[in-house]
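Taking it in order: structure first as structure tokens, then the write-up.
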Amino acid sequence: MKKRQELYAGKAKSVYTTDAPDRLILEFRDDTSAFDGKRKEALERKGMVNNVFNAFIMERLEDAGIPTHFDKRLSDTESLVKKMDMIPVECVVRNIAAGGLVKRLGVEEGATLEPPTFELFLKDDERGDPMINESLAETFGWATPEQLGEMKALTFKVNRVLKQLFAEGEMLLVDYKLEFGLYDGRIILGDEFSPDGCRLWDANTREKMDKDRFRQGLGGVIEAYEEVGRRLGVVFPEG
Ligand code: C5P
């Protein structure tokens, strides 16, 4: 499958049309951004690491019965996906308090959240992805109550699968963001799952192994992403 036309260039990925009307190619770039694009840097190998890692996770999720847009990895930095109608809502689950929750509510970073929380945000870069709720999503037509219910159920199903998977690699899945879309009238998981969109801590030392290393200027960003993959048995191409 060949790339045809660039459809959209996001902050870290570009999306291309293909010969097939219902398939797109995602290209994972080295570009990394934080704070709504205010901080940008190209981190060598990141596109490859996230593409290979995402393929691994999407396959695990499919194996667990979670429908995703992922078809197959095409190259080190490209994957073929189903073309969906994206739902402009981000779903965030938190198992441990960190990031936005700590800032917003003043809870202690590292506190266990039982039960885990579920939050919705509008995908809107200009407004810094504001927090929304089910009522707003319904009123403004971003998603129906049925779709939101399905998205919530799938987001928690992902939590059960990935908490266990990361625990086997001695890591804590602190929080993560998922995006969904419609394909053939069905809600499926879209976007990517990589250390760019979740928080992962070493289970013993609580060392950060995710994009917070970039946000907080801790260094060793890609080395940490590769370590996350290595602990799960992901084999990254050389070079
Ligand atoms: O910033 P906040 O604490 O709300 O983020 C929660 C989780 O969602 C983090 O893992 C973060 O990396 C992810 N996230 C994301 N993209 C966004 C907002 C949050 O991947 N636009």
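Within the range 95-119, restricting attention to residues that are surrounded by 15 or more Cβ atoms within 10 Å (Cβ to Cβ) and in a strand (DSSP E or B), which residue is nearest to the ligand (Cβ to nearest atom)? Out of the qualifying residues, it is Glu119. Only one of the listed residues (Gly181, Gly169, Gly220, Gly239) is modelled with pLDDT of 95 or more, closer than 26 Å to Ala42 by Cβ and of a type in the set (Gly, Ala, Ser). That residue is Gly220.
Counted as qualifying within the range 12-60 are the strands (runs of 3 or more DSSP E) with 2 or more residues that are crowded, with 17+ Cβ neighbours inside 10 Å, namely 13-17, 23-28, 31-34. Of the residues in the range 178-198, not one is touching a residue at least 60 places away in the same chain (Cβ under 8 Å), over 21 Å from Ala55 (Cα atoms) and of a type in the set (S, T, N, Q). Comparison of Thr68, Thr144, Thr139 shows that the only residue that is more than 16 Å from the ligand (Cβ to nearest atom) and surrounded by 15 or more Cβ atoms within 10 Å (Cβ to Cβ) is Thr68. For the range 125-136, the tally of residues that are loosely packed, with under 13 Cβ neighbours inside 10 Å and touching a residue at least 24 places away in the same chain (Cβ under 8 Å) stands at 2. Quick check, is Phe140 among the hydrophobic types (A, V, I, L, M, F, W, C) and in contact (Cβ under 8 Å) with a residue 60 or more places away in the chain? Taking the combined requirement at face value, the residue does not satisfy it.
Quick one: Glu78 ticks every box in (1) more than 28 Å from Glu44 (Cβ to Cβ); (2) more than 11 Å from the ligand (Cβ to nearest atom); (3) not basic (Lys, Arg) bar one, so which box is it? (1) is the only condition that Glu78 fails.
Residues in the range 1-33 that are at pLDDT below 95 and closer than 20 Å to Val228 by Cα: 0 in all. For Leu173, the conditions (1) in contact with a Cys (Cβ under 7 Å, 6 or more places away or on another chain); (2) free of Cβ contacts under 8 Å to residues at least 60 places away in the same chain are fulfilled apart from (2).
Residue count for the range 62-116 satisfying the condition of being free of Cβ contacts under 8 Å to residues at least 24 places away in the same chain and among the acidic types (Asp, Glu): 5.
The values are calculated or read from the model by the stated rules, or taken from the named source; none is laboratory data. Not measured: the values here are computed from a predicted model. When we count neighbours, we look across all protein chains shown, and the Cβ atoms used for this are built from the backbone with ideal geometry, even at glycine.
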